[in-house]
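Participant: Shown below is the structure under consideration.
The values are calculated or read from the model by the stated rules, or taken from the named source; none is laboratory data. All values reported here derive from a predicted model rather than from experimental measurement. Quick reminder, even Gly has a Cβ in these numbers, built from the backbone with ideal geometry, and neighbours come from all protein chains shown.
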Number of protein chains: 2
Amino acid sequence: MGKRSSVLEFAVLGLLHESPLHGYELRKRLNSVLGSFRALSYGSLYPCLKALVRAGWIVEDEPTDPVGTARSGKRSKIVYKLTADGKEHFQTLLGDAGPAAWEDENFGVHFAFFARTDATTRLRILEGRRSRLEERVEGFRAALLRTRERVDAYTLELQRHGLDSVEREVRWLNELIDGERRGQHDQHHESTGTTDQST
Amino acid sequence: MGKRSSVLEFAVLGLLHESPLHGYELRKRLNSVLGSFRALSYGSLYPCLKALVRAGWIVEDEPTDPVGTARSGKRSKIVYKLTADGKEHFQTLLGDAGPAAWEDENFGVHFAFFARTDATTRLRILEGRRSRLEERVEGFRAALLRTRERVDAYTLELQRHGLDSVEREVRWLNELIDGERRGQHDQHHESTGTTDQST
DNA sequence: AGCTCGATGTATCAGTCCGATACATCGGCA
DNA sequence: TGCCGATGTATCGGACTGATACATCGAGCT
């Protein structure tokens, strides 16, 4: 029930919402979704899956043979899928735009599921994230001023680069927020591509 | 003995190399040096300090009364300082430009001490870091191609942004490497006649 | 067919690290 | 004077990682 695992639970629920998966594939996609921000090992995935089963949000679905084919000692490929409760819970989590949603570890996952998030929540999370990063910019600036002359060129360069990166992140968020605001009352101008099957 | 703590040991040694410090101040500076990349709690700092003392690289220096002021029950402000062995060990670590030096967690710390690192080592670490990031760029590109049409616009944007960030990091390294190369030939003769690849 | 090898797949554990917390001292300040 | 936040040392429960073990599968090689 760590705060950490709530991110993980959210991500698992979100991935299983799209399609049932087994652990191995789940981990791969998880590392790709939150991958840019964090890694994940089985040591946390499996306990998380067990907790989710215990909570009744997912079920283990062992793909037994389609018809009465004799299957005895064979067991692998445990496929996990969402229950109705799980879907409901995921919807609740999607709408949760609390301060936790724009922390470093959580923001990426929330963003990854933005397509299923309503516009108001999206905007609130993006703005929360932005002000979080603006605080950090202030911190960097203060550190730069504090250490400007008693520090060597390399340390200075490192701090300068860090500051640049965060500022760049803020600009990115500004563009996204602009896009959200514009898209809010012009929904289908530059819509989210919904042409899935037209390859 | 953990690989993790080696970063921490390196950073502590480096900070104490500049001036003796006590734990509280040490933690603050540590979080500012590796802060852009990682955080650090006392739960790992104090065990690390103990390990360093045990290894004979630092000593606890309790600032007892300057003159014979009888202070018995008073204890706080344990100041840590490098020993001769510690200085030597730090020099060894400075020259170590192995693959570990350009991993995410280690690069920042190594860079922070570049002012004490010799030019050859600096260059090797920067180039190692660059090729590490170029691998990651390839990974991102592959992920983008793999998922281009079966993923929603937000996930796509997240991946695109991740790719941009890493590419930007590579450009930063390119500038630094250029700077190193240019500054190098006032040191002494340098026979890098063979030009590296030109992209 | 036998054999190896890497990818797929489930599962656990020792060790490491973080967040919270407990204490204690110090300097302001109302 | 008493309160409060910053400084300061220290520990612990619990979360998480990296390593590892074990098993199955398909593909290529001989």
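Participant: Out of B:Leu144, B:Leu158, B:Leu176, report the one residue that is more than 19 Å from the chain's Cα centre (by Cα), part of a helix (DSSP H, G or I) and facing another protein chain (nearest Cβ under 10 Å). Show your work before the answer.
Facilitator: Values: B:Leu144 fails: facing another protein chain (nearest Cβ under 10 Å); B:Leu176 fails: more than 19 Å from the chain's Cα centre (by Cα).
Result: B:Leu158 is the single residue among B:Leu144, B:Leu158, B:Leu176 that is more than 19 Å from the chain's Cα centre (by Cα), part of a helix (DSSP H, G or I) and facing another protein chain (nearest Cβ under 10 Å).
Participant: For segment A:76-134, enumerate the residues that are assigned to a loop (DSSP other than H, G, I, E, B) and touching an Asp or Glu at 6+ places or on another chain (Cβ under 6 Å).
Facilitator: A:Ile78
Participant: For segment A:78-106, name all the residues that are farther than 20 Å from A:Trp57 by Cα, out of contact with any Ser or Thr (no Cβ under 9 Å at 6 or more places or on another chain) and away from DNA strand D (no atom under 16 Å from the Cβ).
Facilitator: Across segment A:78-106, the qualifying residues are A:Gly98, A:Pro99.
Participant: May I pose another question? Mind telling me which of the residues B:Thr147, B:Thr195 ends up being closer than 26 Å to A:Arg29 by Cβ and either aliphatic (A, V, I, L, M) or modelled with pLDDT under 90 (or both)?
Facilitator: Details: B:Thr195 fails: closer than 26 Å to A:Arg29 by Cβ.
Sole residue among the options that is closer than 26 Å to A:Arg29 by Cβ and either aliphatic (A, V, I, L, M) or modelled with pLDDT under 90 (or both): B:Thr147.
Participant: Moving on. Could you say whether any residue in segment A:130-140 is modelled with pLDDT under 90 and hydrophobic (A, V, I, L, M, F, W, C)?
Facilitator: yes
Participant: Considering each of A:Thr121, A:Thr92, A:Thr117 in turn, give the residue that is more than 16 Å from DNA strand C (Cβ to nearest atom), at negative phi and out of contact with any helix residue (DSSP H, G or I) (no Cβ under 7 Å at 6 or more places or on another chain). Can you show your working first?
Facilitator: Values: A:Thr121 fails: out of contact with any helix residue (DSSP H, G or I) (no Cβ under 7 Å at 6 or more places or on another chain); A:Thr117 fails: out of contact with any helix residue (DSSP H, G or I) (no Cβ under 7 Å at 6 or more places or on another chain).
Only one candidate passes the filter, namely A:Thr92.
Participant: I've got another one for you. Could you grab the pairs with beta carbons closer than 9 Å, sequence gap of 6+ or different chains, first residue in segment A:1-28 and at negative phi and of a type in the set (Phe, Trp, Tyr), second one assigned to a loop (DSSP other than H, G, I, E, B) and at pLDDT 90 or above?
Facilitator: A:Phe10/A:Phe113
Participant: Looking only at segment A:113-141, which residues are basic (Lys, Arg) and more than 9 Å from every other protein chain (Cβ to nearest Cβ)? Don't jump to the end; show me each part of the working.
Facilitator: Filtering segment A:113-141 for residues basic (Lys, Arg) gives A:116, A:122, A:124, A:129-130, A:132, A:136, A:141.
Answer for segment A:113-141, where residues must be basic (Lys, Arg) and more than 9 Å from every other protein chain (Cβ to nearest Cβ): A:Arg124, A:Arg129, A:Arg130, A:Arg132, A:Arg136, A:Arg141.
Participant: Something else about it: Taking B:Gly23, is it modelled with pLDDT under 90, within 12 Å of DNA strand D (Cβ to nearest atom), of a type outside the set (D, E, K, R) and surrounded by 13 or more Cβ atoms within 10 Å (Cβ to Cβ)? Walk me through how you get there before you give the answer.
Facilitator: On the way: modelled with pLDDT under 90: yes; within 12 Å of DNA strand D (Cβ to nearest atom): yes; of a type outside the set (D, E, K, R): yes; surrounded by 13 or more Cβ atoms within 10 Å (Cβ to Cβ): yes.
For B:Gly23, the condition - modelled with pLDDT under 90, within 12 Å of DNA strand D (Cβ to nearest atom), of a type outside the set (D, E, K, R) and surrounded by 13 or more Cβ atoms within 10 Å (Cβ to Cβ) - is met.
Participant: Moving on. Kindly evaluate A:Gly35 against the criterion of being within 16 Å of DNA strand C (Cβ to nearest atom), modelled with pLDDT under 85, surrounded by 13 or more Cβ atoms within 10 Å (Cβ to Cβ) and not in a helix (DSSP H, G or I). Spell out how you get there, then give the answer.
Facilitator: Values: within 16 Å of DNA strand C (Cβ to nearest atom): yes; modelled with pLDDT under 85: yes; surrounded by 13 or more Cβ atoms within 10 Å (Cβ to Cβ): yes; not in a helix (DSSP H, G or I): yes.
Judged against the criteria, A:Gly35 is a match.
Participant: Shifting gears a bit: Right, A:Leu52: away from DNA strand C (no atom under 11 Å from the Cβ), within 13 Å of the chain's Cα centre (by Cα) and either modelled with pLDDT of 90 or more or among the aliphatic types (A, V, I, L, M) (or both) or not? Talk me through it step by step, then tell me what you get.
Facilitator: Values: away from DNA strand C (no atom under 11 Å from the Cβ): yes; within 13 Å of the chain's Cα centre (by Cα): no; either modelled with pLDDT of 90 or more or among the aliphatic types (A, V, I, L, M) (or both): yes.
Here the answer is no, as A:Leu52 does not meet what is asked.
Participant: Got a sec? Which of B:Arg136, B:Arg116, B:Arg122, B:Arg130 is among the charged types (D, E, K, R), crowded, with 17+ Cβ neighbours inside 10 Å and within 20 Å of B:Val33 (Cβ to Cβ)?
Facilitator: Working: B:Arg136 fails: within 20 Å of B:Val33 (Cβ to Cβ); B:Arg116 fails: crowded, with 17+ Cβ neighbours inside 10 Å; B:Arg130 fails: within 20 Å of B:Val33 (Cβ to Cβ).
Testing whether each residue is among the charged types (D, E, K, R), crowded, with 17+ Cβ neighbours inside 10 Å and within 20 Å of B:Val33 (Cβ to Cβ) leaves just B:Arg122.
Participant: Is it the case, given these coordinates, that B:Ala11 is away from DNA strand C (no atom under 11 Å from the Cβ) and at pLDDT below 85?
Facilitator: Working: away from DNA strand C (no atom under 11 Å from the Cβ): yes; at pLDDT below 85: no.
For B:Ala11, the condition - away from DNA strand C (no atom under 11 Å from the Cβ) and at pLDDT below 85 - is not met.
Participant: Exactly one condition in (1) within 15 Å of DNA strand C (Cβ to nearest atom); (2) away from chain A (no Cβ under 14 Å); (3) at pLDDT 85 or above is false for B:Pro63; which is it?
Facilitator: Single failed check for B:Pro63: (3).
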